Amino acid sequence: MRLIVLMLTVVFDQSGDVFGQHDTGRISSAGRICAAEDRPQRVVFIDSGFQRIPSKAIPFSGQGDGAAPMINGCGLFDEPAAYSVGDQPWFVTISDFDNDGIPDLAAVNWWDDNVSVLLGAGDGTFSPGVTFSVGQQPVWVTAGDFDGDGSVDLVVANVGSDDVSVLLGNGDGSFAPYASYASGAGPLSVEAGDLDSDGDLDLVVANHDDVDVSVLLGNGDGTFAVGVQYYSGDRPSSVVIVDIDGEGSLDLVVANEESNDVSVLLGNGKGSFATATSYEVDGGPTSVAAGDFNGDSILDLAVANFDHTFGVGVSVLLGNGDGTFAGQDTYVTEPAPGAVAIDDLNGDGTSDIVAASTISNDSSILYGIGDGTFAPAISYSAGGGSFSVAIGDFDGDGDPDLVWANMFRDQVTVRLNQCILCSADLDQDGFVAFHDLLSVLGTWGPCPGCDADLDGSGDVGFNDLVTLLAAWGPCP
């Protein structure tokens, strides 16, 4: 069948009427299709500046909630849902704490010296938080099975007591009283991985009031050896543990806030590390994450730059595969991002970046193009004052959902990823095509219970149109 490419731009005037243009027909100001060939096999959108986007993707770009570049109907996030935790939650992580196969949340509360655990219901909602005491001024939490009993445990970095707290899990969502292990000065983050290849999880702590990271090797029973320090840079803020050079051993990548760089420490698989090599980024890097941004199976880096006076939010450094990186490319986001996270949010097979803003009510998503570059950031309401963001599937639909820790609102905010596929095939003929488009345009406005109300809002509107266009084509 001949490939017909429909180029369609949809905008609104102040009254909410639909306007547009395409090269195989005409849409009147009322949104009626005047002439066009039916059932094109692909839709290529044009952005609001009428510049063609490469046809290898099917994005719809724009600013604000619901204007995400969806692929196959994925990437449109539900309304924010807030859950109360303790006083000034700094960081949130995701794991299964009660062994029911459903993701749960753990958030550290800086002022309360405790961690809140919220058990997931499996439908995207969470139970009220239960708190467990930790050290002084906790700022980071990571999860793993540190004693090998099959239940998930917690390790918390405490910036006020210069230590980490280890809480062994009971497997039912509760935890034993914590044990403390000394770190360096001002530990701001902690991550876990098997650094010495013995099958036991070890810890790496970024010591923000110093110039190093501490490595604490695990004994396999939930206890840890005395930490060994490795120079990283000035005021290390966060660390990620990955095999950055592809040699099979875990390496360290550290974001150093004061020296404005990220440092790479290559591991030897025995628990020790080579001298750090640094790569310049923009002002005040506080968070680093690794993912493959250009499809070459080599890990790249995304860095959140907290110092918004530089005017740049996120730095992207493409990896060379040997543990080295090219120079940074920079992207503007909401101001003062404190954390980044990576996943394929819109189902196009390409990694995207979420940047959590510490001073804005919104967070930014940079949708990946697939060649190592990203579309301009789109802002999403995230609860405000977000010092961390995490990604997991909270409702079991296979799509990545988002959660933020809102430090100044004493809550975590959850947004569920909506992925609407063949519901857009309104005439049930196996294709999302012009007949379905006409159904949406013909019922535009308040229409509770209408099939064309794809987002269930009670109105047939812009989000429904975007969802339908993103699912255009065969829909078995």
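Using the average count of surrounding beta-carbon atoms within 10 Å as a protection proxy, the listed peptides 230-241, 326-337 rank, highest first, as 230-241, 326-337.
Each residue, residue 277 and residue 247, gets one label point 7 Å from its Cα in the Cβ direction; the gap between the two is 1.0 nm. Only protein heavy atoms count here; under a 1.4 Å probe, residue 111 has an accessible surface of about 150 Å². So if I average 1/r over every pair of distinct C-alpha atoms in segment 190-281 and take the inverse, what Kirkwood radius in Å does that give? Across segment 190-281, the inverse of the average 1/r is 12.9 Å.
Can you classify segment 364-476 as rounded, prolate or oblate using the Cα gyration tensor, where a ≥ b ≥ c are the square roots of its eigenvalues, rounded means a/c under 1.5, and otherwise it's prolate if a/b beats b/c and oblate if not? Cα axes put segment 364-476 in the prolate bin. Computed FRET efficiency, Cβ-Cβ of residue 82 and residue 176, R0 35 Å: what is it to the nearest 0.05? Using R0 = 35 Å, I get an efficiency of 0.75.
Accessible area per residue for segment 306-451 is 34 Å², calculated with a 1.4 Å probe on protein heavy atoms, without ligands, DNA or RNA. With contacts taken as Cα pairs under 8 Å at a separation of at least 6 residues, segment 313-371 carries a relative contact order of 27 percent.
Relative contact order of segment 326-457: what whole-number percent is it, with Cα pairs under 8 angstrom and at least 6 residues apart?
RCO, segment 326-457: 15 percent.
If you sort 359, 94 by accessible surface, 1.4 Å probe, largest first, the order is 359, 94.
Please tell me the relative contact order of segment 233-388 in percent, rounded to the nearest whole number, where contacts are Cα pairs under 8 Å and at least six residues apart. Spell out each step's value before the answer.
Values: 477 pairs, mean separation 24.4, N = 156.
Relative contact order for segment 233-388 comes out at 16 percent.
For the peptides 116-128, 97-109, 152-164, residues were scored by their other Cβ atoms within 10 Å and the scores averaged per peptide; the highest-first order is 152-164, 97-109, 116-128. With the Cα gyration tensor of segment 263-365 giving a ≥ b ≥ c as the square roots of its eigenvalues, does the rule (a/c under 1.5 for rounded; else a/b larger than b/c for prolate; else oblate) give rounded, prolate or oblate? Cα axes put segment 263-365 in the oblate bin. Counting only protein heavy atoms and a probe of 1.4 Å, the accessible surface of segment 237-330 is 45% carbon and sulfur. With the gyration tensor restricted to C-alpha atoms of segment 124-231, the semi-axes of the equivalent ellipsoid amount to 22, 18, 11 Å, longest first. Summarised in one figure, the compactness ratio Rg/Rh of segment 422-469, Cα atoms and Kirkwood Rh, is 0.91. Computed from label points 7 Å out along Cα-Cβ, the spacing between residue 197 and residue 408 is 4.8 nm.
Ranked by the mean number of other Cβ atoms within 10 Å of their residues, highest first, the peptides 202-208, 448-454, 183-189, 214-220 come out as 202-208, 183-189, 214-220, 448-454. Surface composition of segment 376-451: carbon and sulfur make up 56 percent of the accessible area, probe 1.4 Å.
Relative to one another, the C-alpha centroids of segment 363-398 and segment 169-203 are positioned 27 Å apart. I need the shape label for segment 263-302. Rule: rounded when a/c is under 1.5, else prolate if a/b > b/c, else oblate, with a, b, c from the alpha carbon gyration tensor. Oblate. Here the label points at residue 427 and residue 397, each 7 Å from Cα along the C-beta direction, are separated by 2.7 nm in the simple model.
The values are calculated or read from the model by the stated rules, or taken from the named source; none is laboratory data. From a predicted model like this one, the values you see are computed outputs, not experimental measurements. In this analysis, Cβ positions are derived from the backbone assuming ideal geometry, glycine residues included, and neighbour counts consider all displayed protein chains. The protein model used for the area step is the full one, side chains on, heavy atoms only, and it has no ligands, DNA or RNA in it. Shrake-Rupley method; radii C 1.70, N 1.55, O 1.52, S 1.80 Å.
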